[in-house]
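What follows is a single structure, written as structure tokens, with notes after it.
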Amino acid sequence: MTAVAPTVASGQRVEAKPEKRKGTGAWARRAPLLPALLFTIVVTQIPFILTVVYSFQSWNLVRPGSQHFVGFQNYADVFADSQFRGAMLNTVVLTVVCVFVALLLGLGLALLLDRKFLGRGVVRTLLITPFLILPAAGALLWKTTMFDPTYGLLNFVFGGETDWLSEFPLASVMAQVVWQWTPFMMLLILAGLQSQPKDVLEAAQVDGAGRWRTFASITLPHLSRYLQLSVLLGAIYIVNSFDAIFLMTQGGPGTASTNLPYYIYQRAFQGFDIGQSSAMGVVVVVLTLIVATFALRLMFRAFDVSKGVVK
């Protein structure tokens with residue numbers, strides 16, 4: 001018997017399987033991103049790998065030939081260092097206070113800017129300006145024009161000759177950081193306010209709810225996701241503050257305003273201790289990754305990433 005090939009009914013088309021085309025198209029879309037990926041790996045991952053390697057070595061640049069493997073001794077010395085624990089405490093205090101105060105000020109400013117009044121666009125632009133200024137420029141601005149004991153505006157307003165950076169170093173740094181990050185909080189919260197459904201607010205007004213009742217029962221629950229996002233993003237950025245401390249107080253007096261990034265700078269570029277400074281850097285990166293992972297999980301829960309809308 002002879003085999004008979006199956007015939008195709010008239011009007012039907014036989015289409016080729018698209019697996020190969022899909023793979024080719026995917027690589028064609030990803031190929032332009034490869035240079036950016038390689039650049040990111042070179043400038044971020046390779047230095048971090050070298051930092052991890054150095055963290056297991058005892059190496060001081062002022063003692064040639066001192067480089068040798070010590071295992072986890074650097075990490076043990078880091079956690080036994082009282083100055084490191086003090087810097088960690090300052091970092092936590094700086095982050096928590098600045099995020100909380102900036103959030104409250106941002107919420108108040110956002111509520112004011114959500115109303116219609118003459119010149120609202122100009123006021124919004126002026127309030128956003130501090131966030132657009134470079135952190136180094138903002139720190140120098142506050143150091144010379146606000147906290148200077150002779151010519152500073154604070155002493156001009158309140159009287160006296162208080163040396164704010166010496167007597168209240170951490171509070172002075174907090175004031176500058178809050179000034180820098182309040183516009184960021186304000187923008188996020190203002191976006192949440194403007195996304196409120198107007199019909200719900202009008203229904204509450206018709207039902208006789210006052211402003212405070214409407215804010216507590218409708219506006220605040222609607223803003224919960226935006227407030228959460230503001231806190232998490234603000235904490236991730238503020239925990240790495242360096243410019244304000246370096247330019248305003250240099251971590252002093254003593255270690256009163258030293259945070260983790262500045263303490264690592266001191267050990268690496270002033271103490272020339274590559275081993276322990278690398279171990280400190282790895283510890284800070286791990287702690288930051290923990291906070292960032294927690295933040296991303298909460299963000300993905302609050303926002304429907306697949307659809308691009310808020311749940």
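Here are some notes:
- Probe 1.4 Å - accessible area at residue 297, Å² to nearest ten: 150 Å²
- The Rg/Rh ratio of region 39-114, with both radii computed over alpha carbons and Rh defined as the Kirkwood radius, is 1.24.
- Listed peptides 112-120, 219-227 by packing density, highest first (mean Cβ within 10 Å): 219-227, 112-120
- Gaussian network model of the chain, springs between alpha carbon atoms under 10 Å - residue of 206, 52, 99 with greatest fluctuation: 206
- The protection proxy used here, the mean number of other Cβ atoms lying within 10 Å of each residue, ranks peptides 274-283, 38-47 as follows, highest first: 274-283, 38-47.
- Between the listed residues 121, 48, 249, the Cα displaced farthest toward the positive end of the dipole of the chain, a dipole computed from Cβ unit charges relative to the Cα centre, is found at 121.
- Average Cα contact separation per residue, the chain, under 8 Å, 6 or more apart, as relative contact order %: 27 percent
- Separation between Cα centres of region 39-65 and region 126-181, rounded to whole Å: 36 Å
- Charged-residue dipole, Cβ positions (Lys, Arg, Asp, Glu), the chain about Cα centre, Debye nearest 20: 1540 debye
- The chain - mean residue ellipticity at 222 nm from DSSP helices (-39,500 (n - 2.57) per run, n ≥ 4, rounded to 500): -20500 deg cm²/dmol
- For region 229-269, the residues whose backbone nitrogen is under 14 Å from a point 7 Å from the Cα of residue 166, taken along Cα to Cβ, are 249, 252-254.
- Note on region 154-311: the C-alpha convex hull projects to 13.8 nm² when averaged across all orientations.
- Among 174-184, 263-273, the order from most to least packed when residues are scored by Cβ within 10 Å on average: 174-184, 263-273
- Residue with peak Gaussian network fluctuation, the chain [Cα springs, cutoff 10 Å], from 106, 86, 71: 71
- Over 16 Å [Cα-Cα, region 77-143], rounded percent: 68 percent
- Spherically averaged projected area in nm², based on the convex hull that wraps the Cα atoms of the chain: 33.0 nm²
The values are calculated or read from the model by the stated rules, or taken from the named source; none is laboratory data. Note that the coordinates shown come from a computational prediction; the quantities given were computed from them, not determined experimentally. Methodologically, a virtual Cβ is constructed for each residue, glycine included, from the backbone with ideal geometry; neighbour enumeration extends over all protein chains shown. Surface areas here come from the heavy atoms of the whole protein model, side chains and all, with no ligands, DNA or RNA. Shrake-Rupley method; radii C 1.70, N 1.55, O 1.52, S 1.80 Å.
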